[in-house]
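Here the structure is laid out as structure tokens; the discussion comes afterwards.
Just so you know, all these numbers are worked out from the coordinates, no wet-lab data involved. Since the structure is predicted, the reported quantities are computational estimates derived from the model, not experimental observations. Neighbour counts are summed over all protein chains in view; Cβ atoms, including those assigned to glycine, are modelled from backbone coordinates with ideal geometry.
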Amino acid sequence: MMLDQLNHAVTPRIASILENALAGREMSVDDATLLLDAEGADFHLLLRAADWAREQDCGDDVSYVVCRNINFTNVCYVGCSFCGFARHKDDLAEAYDHPMEVLVEKCRDAIARGASEVCIQGGIHPNKDHGHYREILETIRAAFPKLHIHAFSPEEMDFGHRKSGMALDEYLGWLVDAGLGTMPGTAAEILDDEIRDVLSPKKLKSARWEEIVRTAHGIGLRSSSTLMYGHIEERRHIAAHLGLLREIQKDTGGFTEFVPLGFIHERNMLYNYMGARPGPSMSEDLRMIAVSRLFLRPHITNIQVSWVKMGHKLGQMALMAGANDFGGTLMEESISRESGSQHGENTTAEEFRRLIRECGRVPVERSTLYGTIQRFDDPALDPPSLEPAPAVELSGPARFREPRAVREPKVAAG
Ligand code: SF4
């Protein structure tokens, strides 16, 4: 088969949608729905087009952030059907509710391992209130004033706000005054109440998610944006969700990035008892990244790969299908792990740089707000990771790695 025969295999309608997207014309929600079904030659051209758009929008840099996830409690009564993380507060064997000293220790450890950010989220604990969220921020800021605090999903914001009695903008500003730097755009799942009523009937509705995000952006509190796919949704729900995010971004400019999150199915009600699909296939993952790039440009230009959901190798493929960011080191990921993810709790900065270089791209350590902390142009000059080297079991004659040099942390404690 000659190359022009391959090109002729592309459906004219798909070719036209891609042509428009590459020319910078805004894609409709209906066209995005069509692309989310692309197969065969259409699928390959979609990925190639998204990769080309990524190069135009972001160049060859691939960014990552050195950060630590801290889940301060796993006690939660919201009861989302896709969640394997939440516990009842009387589950003495598995429920936890970390005191402030533990949170401070986790931040101290994160800084010693090179972190510029902590991402703090927890369950909706019935005995907590807005004062608890503020105390977490004040405690961490007092101990580590330069550490960026990325904290509290719109669900947590909704819970704290309703207990506070304040106006929403006043409440969010009150948290910013206490040290909040940015807000995770999680708890979005699919922003369609028909779907949300199955996934999480007690969780905040789409309009409330949008209200919290728009209000946050309105006071200068920026956030990420997310979507969870591969469960009971249809393509049209994904496309409409992307459409809503694009409208919010046009109005506020407050999203830092978009992170598609594949559903992890192993240990939850949604898959085991409610007939959901077992998460996205590889081609769905790649289509999701590619369509996000083409649909959201030029409004949201950072498209992030979730290595926790995809794993490293598929994550590398996603970097060749429209993504420009590899997310965070996380150090202590537990929410996806407890739902059955097999991709680990931590990816070191050193590992990110290797994975990125294997794709022929340039690693860049970034801040939460996508400022450049360090660009690693020359592989020979890569610094050693601050992470401890993983323990290796050797069965034959022992061979030892050179110990890694230790450098000063970037963020000074206290
Ligand atoms: S996803 Fe979050 S809000 Fe829902 S049950 Fe789990 S911890 Fe609670």
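In table form, for the structure just shown:
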item	result
Count of region 292-302 residues which are in a helix (DSSP H, G or I) and of a type outside the set (Lys, Arg)	4
Residue count for region 272-291, restricted to those that are out of contact with any Pro (no Cβ under 6 Å at 6 or more places or on another chain) and assigned to a helix (DSSP H, G or I)	10
Complete set of residues in region 193-213 that are assigned to a loop (DSSP other than H, G, I, E, B) and of a type in the set (Lys, Arg)	Lys202, Lys203, Lys205
Residue, surrounded by the most Cβ atoms within 10 Å (Cβ to Cβ), within region 184-197, restricted to residues that are within 13 Å of the ligand (Cβ to nearest atom) and aliphatic (A, V, I, L, M)	Ala188
Counted residues, region 293-313 - those being under 23 Å from Glu266 (Cα atoms) and surrounded by fewer than 21 Cβ atoms within 10 Å (Cβ to Cβ)	3
Subset of region 1-30 (residues that are closer than 27 Å to Glu233 by Cβ and either under 25 Å from the mean Cα position of the chain (by Cα) or in a loop (DSSP other than H, G, I, E, B) (or both))	Val10, Thr11, Ala21, Arg25, Glu26, Met27, Ser28, Val29
Single unsatisfied condition, Asn74 versus (1) of a type in the set (S, T, N, Q); (2) within 16 Å of the ligand (Cβ to nearest atom); (3) more than 30 Å from Arg277 (Cβ to Cβ)	(3)
Which listed residue, of Ala53, Ala38, is in a helix (DSSP H, G or I), out of contact with any Cys (no Cβ under 6 Å at 6 or more places or on another chain), in contact (Cβ under 8 Å) with a residue 24 or more places away in the chain and small (Gly, Ala, Ser)	Ala53
Scan of region 150-164 for residues that are within 14 Å of the ligand (Cβ to nearest atom) and part of a helix (DSSP H, G or I), ordered by number	Pro154, Glu155, Glu156, Met157, Asp158, Phe159, Gly160
Whichever residue in region 56-71 is among the hydrophobic types (A, V, I, L, M, F, W, C) and closer than 30 Å to His299 by Cβ and, among such residues, is farthest from the ligand (Cβ to nearest atom)	Cys58
Per-region count, region 77-104, residues under 24 Å from the mean Cα position of the chain (by Cα), outside any loop (DSSP other than H, G, I, E, B) and away from the ligand (no atom under 12 Å from the Cβ)	3
Gly40, sole failed condition from (1) under 25 Å from the mean Cα position of the chain (by Cα); (2) more than 22 Å from Thr186 (Cβ to Cβ)	(1)
